[in-house]
1. Quick check: residue separation of ALA134 and SER121 times 0.36 nm, minus the Cα distance between them. What number comes out in nm?
2. Kindly report the accessible area of the chain per residue (heavy atoms of protein chains, probe 1.4 Å, no ligands, DNA or RNA), in Å².
3. Less than 20 Å apart at the alpha-carbon level, and either on another chain or at least 8 residues along: which lysines does that give for LYS122?
4. Got a number for carbon plus sulfur as a percent of region 61-139's accessible area, 1.4 Å probe?
5. Can you compute the helix-only [θ] at 222 nm over the chain? Use -39500 (n - 2.57) per DSSP H run of at least 4 residues, normalise by all residues, nearest 500 deg cm²/dmol.
6. So which aspartates and glutamates pass the test for LYS90, namely a Cα distance under 20 Å, with those fewer than 8 places away in the same chain ruled out?
7. So if each residue of separation counts as 0.36 nm, and I subtract the Cα-Cα distance between VAL28 and ARG154, what length gain in nm does that give?
8. Which label marks the calculated value of log10 I(q)/I(0) by the Debye sum over Cα atoms at q = 0.12, 0.13, 0.16, 0.21 Å⁻¹, given the options (i) -0.57, -0.66, -0.94, -1.36; (ii) -0.67, -0.77, -1.05, -1.43; (iii) -0.47, -0.55, -0.86, -1.51?
Amino acid sequence: MFKEMRRNDRALPDGEMFDIMDKAEYGVLSTVGSDGCPYGVPVNFVFFDNCIYFHCALEGHKLENMNYNSKVSFCVVTDVLILPDEFSTKYSSVISFGTASEVTEPAKKKEVFVKILEKFSKDFMEEGIKYAEAACLRTKIYQIKVLHMTAKGRR
């Protein structure tokens, strides 16, 4: 199902792959809808327990697509530096493939919100927890159960 990486010389070890996932501020979620059209949208996320988690509105294009086809890909890129004189770019990236599903269990939703707060708003945890409790009613949490993940980079 998954092709091997074309440039194996640029493959990064798992430890670096997980570091990239921890420090990346956003990733691009790619889905396919009932019309067969691909759709990529940037989302903030957290990665833990071999799953990617993100929050979203109660409705929208990506939700329609994931309800139609739960197979998704997710891409993050960090440490980008354009090298104009070399006609190249330095970067670190991770591409994941998996299945997306809504997280409905209240305790798990709270855990994900806390992880999001720890990643993006760690200096405002108390206010963030209050905000998340109120936001819980107007947001959904989705998880991507990662089936395949690779990292590569040019240093």
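The values are calculated or read from the model by the stated rules, or taken from the named source; none is laboratory data. Since we're looking at a predicted model, the values are computed, not measured. Ligands, DNA and RNA are stripped out before the accessible areas are found, and what is left, the full protein with its side chains, is counted by its heavy atoms. Shrake-Rupley method; radii C 1.70, N 1.55, O 1.52, S 1.80 Å.
1. Answer, rounded to one decimal: 3.0 nm.
2. Counting only protein heavy atoms, the per-residue value for the chain is 61 Å².
3. LYS23, LYS108, LYS109, LYS110, LYS130
4. Details: 2840 of 5020 Å².
Carbon and sulfur together cover 57 percent of it.
5. The helix contribution divided over the chain gives -8500 deg cm²/dmol.
6. ASP9, ASP14, GLU16, ASP19, ASP22, GLU25, ASP79
7. Gain on extension, VAL28 to ARG154, equals 43.4 nm.
8. Read-out from the structure maps to (i).
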